[in-house]
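The values are calculated or read from the model by the stated rules, or taken from the named source; none is laboratory data. Predicted, not measured: the structure shown is a model, and the values here were computed from it. These accessible areas exclude ligands, DNA and RNA; they are computed on the full protein's heavy atoms, side chains included. Shrake-Rupley method; radii C 1.70, N 1.55, O 1.52, S 1.80 Å.
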Amino acid sequence: MAAVTDDFAKKCQVKQNETLGRFVIALGNIRAGETLLLEEPILVLPHAGDRRCSKCFKLTEEFCRKCHLLALCGDCSEHDERDCKRLSDLKLSEEQVLLLQEKKHSEVQSALKCILLREHLETQPLYEEISQMENQLTARRGTDIWKNNQEHAYNPLEKSGVLKQLNSEANEDLVQGLLGMLDVNAFEIRAPESGGSMRGLYRRAGLYPHSCMPNLVTAIDDERRIKVYANRFIAAGEILYNCYTNILLGTDERRHILKAGKCFDCTCSRCQDPTELGTHMSSFVCSNCACPGGYIVRQPETGTWQCLMNPEHTLKQEFVANMLERAKEEIFHARDDIYRLELLLAKLSRLLHGNHYLMLDLKQNIASILRQILQNMAHRPNKKVYERKIRLCQEILLVLKVLAPGISRLKAIALYELANTQAELARKLYSEQEQSARDLLVELDETEVMMRESLRMLLFEPLATPEGQLSRNMLRELKELKNDIKLLQEPNDDVVH
């Protein structure tokens with residue numbers, strides 16, 4: 001584990017300042033799509049509250065029958081031999097073991113795996129590296145997460161005597177620092193079960209600082225290897241930025257997540273712009289303005305919600321918070337019900353800008369259901385279903401083109417969904433004799449352009465990812481599309497009118 005390619009050393013330089021701490025700049029000009037880092041994880045760990053097998057990473061409540069301290073599912077007979085032996089050598093009573101195995105103390109597993117790196121000669125350099133990673137110890141001290149880690153990680157490790165037996169100099173700050181380091185630096189990775197997630201800690205990937213307008217893309221494959229590549233041209237000397245949160249969230253949501261999990265306030269250009277670069281992803285409709293274009297936005301300097309056209313028109317922070325909370329609850333309860341989702345979209349459109357992040361969430365949910373309907377021909381979808389999905393994809397893409405102007409997975413997938421639906425509608429209309437072969441050819445030519453652009457972006461993704469699999473399917477679909485276009489271009493009195 002923890003192998004790093006030489007791309008990082010050749011193309012990146014680590015620097016440090018008071019604002020960013022350690023960060024990375026480009027040593028030379030970097031092309032869009034160029035790989036900067038390929039790396040395997042130091043550690044693969046469960047999320048807080050989960051317990052996973054130390055071998056296969058499946059969820060489990062069972063433990064190794066030898067060391068009794070690290071989780072091991074019934075399908076696996078062993079885990080890391082060095083860790084197992086070191087823990088087996090500890091002098092623990094049955095009561096102490098049971099304390100560490102309690103379900104509420106699941107964070108003991110993550111702390112133990114970090115500490116165990118120090119116990120073996122081969123992994124001591126990795127322990128030294130993770131000890132240098134940012135942990136935000138001072139900012140976290142006394143917070144709810146600190147108290148939780150104290151109760152469910154440090155206290156059981158200290159009370160059982162494990163901490164002193166493994167590290168005679170260990171104290172609470174060491175345990176809190178290691179768990180803080182994981183929260184700040186670890187990446188979310190796919191778990192073995194469908195839809196599940198866990199954490200991966202990497203040597204270099206966490207060095208890239210955050211921006212809500214990043215110039216890097218990260219992709220993690222099924223073997224948990226991380227790939228970092230440029231999403232646009234990057235000039236020598238530029239700071240290399242990753243994005244730690246979902247770009248399709250509004251500013252307050254993103255900043256809250258970053259503050260709670262990473263302990264910093266983002267000051268990127270998007271966070272400082274009340275309109276979020278003109279996308280209005282957090283804007284409310286001003287009900288007091290008679291003409292269109294009156295939107296209420298949050299001013300970053302004062303925190304007040306004011307209309308862009310008439311600053312006297314305002315909203316109270318309490319109203320905004322309550323309204324958004326109610327809307328999120330309604331969206332949750334409407335999930336998988338396309339009729340309720342459409343009604344909710346219409347209802348919220350009177351309060352929120354069409355690009356508000358909750359509106360985009362609704363549009364994504366509706367488009368996903370429409371995809372399922374269109375894939376099941378037993379539903380016999382009519383023209384309006386296709387047109388509705390096309391319109392939703394177009395609206396989502398307009399926002400993504402601003403927020404992710406370079407290479408983007410989200411943009412590539414949205415573009416593919418648009419192209420695929422547009423082609424299917426054109427074929428349907430042609431088969432029902434509602435449009436001519438020439439019209440079909442025009443539509444398929446446009447589809448090919450969109451498919452090629454989508455594929456161009458997805459080909460930078462590792463093959464062993466859902467996006468990598470999609471790119472392979474797209475290559476086949478593109479070949480079939482080109483055959484269809486070729487047939488339509490051939491002179492045929494029965495086809496072309």
Tell me, what % of the accessible area of segment 43-187 is carbon and sulfur with a 1.4 angstrom probe? 46
With all protein chains present and a 1.4 Å probe, the order of Val14, Val385, Val175, Val442 from largest accessible area down is Val442, Val14, Val385, Val175
Over segment 66-198, what is the relative contact order in percent, taking alpha-carbon pairs closer than 8 angstrom and at least six residues apart? 26
Just for the Cα atoms in the chain, what are the lengths along the principal axes, largest first, rounded to whole Å? 86, 60, 49
Cα axis of helix 437-458 to longest principal axis of the chain: angle in degrees, 0 to 90, nearest 10? 20
Ordering Thr251, Thr138, Thr302 by accessible area with a probe of 1.4 Å, largest first, what comes out? Thr138, Thr302, Thr251
So what is the relative contact order of segment 266-315, in percent, for Cα pairs below 8 Å that sit 6 or more residues apart? 26
Relative to the chain, whose Cα atoms define the longest principal axis, helix 107-116 and its Cα axis are tilted in degrees, nearest 10, by 70
Relative contact order of the chain (C-alpha contacts under 8 Å, at least 6 apart) in percent is 13
If you restrict to DSSP beta bridges whose two residues both lie in the chain, what percentage is antiparallel, to the nearest 5? 95
With all protein chains present and a 1.4 Å probe, how do Ser131, Ser77 order by accessible area, largest first? Ser77, Ser131
Using alpha-carbon positions, what is the distance between the centroids of segment 271-309 and segment 395-461, in Å? 32
Just to confirm, what accessible area per residue do you get for the chain at 1.4 Å probe, in whole Å²? 50
Stokes-Einstein D in µm²/s, Kirkwood radius over Cα pairs - segment 43-187 at 25 °C with 0.890 mPa s viscosity: 160
Excluding ligands, DNA and RNA, the carbon-plus-sulfur percentage of the accessible area of segment 266-315 with a 1.4 Å probe reads 50
To the nearest Å, what is the center-to-center distance of segment 188-207 and segment 79-103, using C-alpha atoms only? 25
Between segment 149-165 and segment 220-256, how many Å separate their Cα centres? 35
